[in-house]
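Novice: Could you have a look at this structure, given as structure tokens, before my questions?
The values are calculated or read from the model by the stated rules, or taken from the named source; none is laboratory data. Worth saying up front: this structure is predicted, and the values here are computed from it rather than measured. Glycine also receives a Cβ, built like all others from the backbone with ideal geometry; neighbour counts cover every protein chain displayed. Side chains are part of the model used for accessible areas, which takes the heavy atoms of the whole protein and leaves out ligands, DNA and RNA. Shrake-Rupley method; radii C 1.70, N 1.55, O 1.52, S 1.80 Å.
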Amino acid sequence: MRNLGQLDGIRRFAFCMLLILPATLEAQTRPPILEQIAKTYGIDSWDQIQAIRYTWNGEVTGLFKAAHAWEWEPKTGKISYEGKDKDGKPVKVTYDSSQLNSQSDQVKNEVEPSFVNDNYWLLFPFHAYWDKSATVTDEGMKKLPVGSGSAELVVVKYPAEAGGYTPGDAWDLYVGKDKRVECLVYHRGGPRKPSLVIAPWTGYKKAGPLLISTEHRGTADGKPLHIFLTGVAVKVTGSDTWIEAK
């Protein structure tokens, strides 16, 4: 998992924000497109989600290759993880994210940061909408950073004094006319690497009411990057049946 930390392209702000509904947050002026993006990905149905499961797969050529399997209950904070530790030994653990102080060092220092990292790849449009500490600006139509064409550029920037996992970080969302993210560019605010991640968002699938981008082939400081999500499924409130993404 430590080699994941070397990538750590998506970092956490404060995990409690994952569990707070937007209606409970203090309102502030933000460009309308941010809510439009969140609605496109299914935020209006978020309160219907009982559980989500997925496997985050990541590889930077010549540096690392990893797979993390997750099952998460947003309402209860229960998280189950299966993968490998920093020495390549199998790890299988279930914990309550609201009781991190009582968890092992491995959960606090390796598993939980990896969960938030991977969850941002899964649900970044929701996180950008939920977290009111970030400044969001609509920069208008700009050329895509990869390939041809243009898209609406929405910049999400965290203040350097914010603390947590995102101080000074900025995220450029290139958004198409359908309000789907076409490409994400991450600029790290601190000295750790990678400093720049460019990741197109493709492989769109529906998992129940949620829209998920499952395929990201891009670069991390110029090195080939491949992040993809497999086994994505959700349970909705009142049902014990997993709805597979397709």
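Novice: Modelled with pLDDT of 95 or more, at positive phi and out of contact with any helix residue (DSSP H, G or I) (no Cβ under 8 Å at 6 or more places or on another chain), is that true of residue 203?
Specialist: Values: modelled with pLDDT of 95 or more: yes; at positive phi: yes; out of contact with any helix residue (DSSP H, G or I) (no Cβ under 8 Å at 6 or more places or on another chain): yes.
Judged against the criteria, residue 203 is a match.
Novice: In the range 79-89, is there at least one residue being open to solvent by 20 Å² or more (accessible area, probe 1.4 Å) and modelled with pLDDT of 95 or more?
Specialist: There is at least one residue in the range 79-89 that is open to solvent by 20 Å² or more (accessible area, probe 1.4 Å) and modelled with pLDDT of 95 or more.
Novice: When only residues in the range 220-244 that are closer than 18 Å to residue 56 by Cβ and open to solvent by 20 Å² or more (accessible area, probe 1.4 Å) count, which is farthest from the chain's Cα centre (by Cα)?
Specialist: Of everything passing the filter in the range 220-244, 242 is farthest from the chain's Cα centre (by Cα).
Novice: Moving on. Does the range 120-137 include one or more residues that are among the polar types (S, T, N, Q) and part of a strand (DSSP E or B)?
Specialist: Scanning the range 120-137 turns up at least one residue that is among the polar types (S, T, N, Q) and part of a strand (DSSP E or B).
Novice: Where the second residue is assigned to a strand (DSSP E or B) and of a type in the set (Ser, Thr, Tyr) and the first is in contact (Cβ under 8 Å) with a residue 60 or more places away in the chain and lies in the range 68-83, which pairs have Cβ atoms under 6 Å and are six or more apart or on separate chains?
Specialist: Close Cβ pairs satisfying both conditions: 69/55.
Novice: When the range 122-137 is examined, which residues are found to be among the aliphatic types (A, V, I, L, M) and open to solvent by 10 Å² or more (accessible area, probe 1.4 Å)?
Specialist: Answer for the range 122-137, where residues must be among the aliphatic types (A, V, I, L, M) and open to solvent by 10 Å² or more (accessible area, probe 1.4 Å): just 136.
So that you can scan it fast, the table gives a plain yes or no per residue for (1) within 30 Å of residue 51 (Cβ to Cβ); (2) out of contact with any strand residue (DSSP E or B) (no Cβ under 7 Å at 6 or more places or on another chain); (3) among the small types (Gly, Ala, Ser):
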{"residue": "160", "(1), (2), (3)": "no, yes, yes"}
{"residue": "178", "(1), (2), (3)": "yes, yes, no"}
{"residue": "181", "(1), (2), (3)": "yes, no, no"}
{"residue": "209", "(1), (2), (3)": "yes, yes, no"}
{"residue": "214", "(1), (2), (3)": "yes, no, no"}
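Novice: While we're looking at this one, here's another question. Out of all the residues in the range 147-186, which are open to solvent by 50 Å² or more (accessible area, probe 1.4 Å), at pLDDT below 95 and more than 20 Å from residue 123 (Cβ to Cβ)?
Specialist: Listed by number, the residues that qualify are 147, 148, 160, 161.
Novice: Then there is this: Being touching a Lys or Arg at 6+ places or on another chain (Cβ under 8 Å) and either surrounded by 13 or more Cβ atoms within 10 Å (Cβ to Cβ) or at pLDDT 95 or above (or both) is the filter here; which residues of the range 11-29 pass it?
Specialist: Within the range 11-29, 19, 25 qualify.
Novice: Then there's this: Inside the range 180-207, can you point out the residues that are without any contact (Cβ under 8 Å) to a residue 40 or more places away in the chain and β-branched (Val, Ile, Thr)?
Specialist: Answer for the range 180-207, where residues must be without any contact (Cβ under 8 Å) to a residue 40 or more places away in the chain and β-branched (Val, Ile, Thr): just 202.
Novice: Going residue by residue through the range 208-219, is there one that turns out to be touching a His at 6+ places or on another chain (Cβ under 6 Å), among the charged types (D, E, K, R), open to solvent by 30 Å² or more (accessible area, probe 1.4 Å) and touching a residue at least 12 places away in the same chain (Cβ under 8 Å)? Give the derivation first.
Specialist: Looking only at the range 208-219, we keep the residues that are touching a His at 6+ places or on another chain (Cβ under 6 Å), and these are 217.
Going one step further and asking which of them are among the charged types (D, E, K, R), we end up with 217.
Then drop every residue that is not open to solvent by 30 Å² or more (accessible area, probe 1.4 Å), which leaves 217.
In the following step, the residues that additionally are touching a residue at least 12 places away in the same chain (Cβ under 8 Å) were identified as 217.
Yes, there is a match, as at least one residue in the range 208-219 is touching a His at 6+ places or on another chain (Cβ under 6 Å), among the charged types (D, E, K, R), open to solvent by 30 Å² or more (accessible area, probe 1.4 Å) and touching a residue at least 12 places away in the same chain (Cβ under 8 Å).
Novice: May I ask you to say which residue of 109, 101, 57 is within 26 Å of residue 160 (Cβ to Cβ) and either surrounded by fewer than 15 Cβ atoms within 10 Å (Cβ to Cβ) or among the polar types (S, T, N, Q) (or both)?
Specialist: 109
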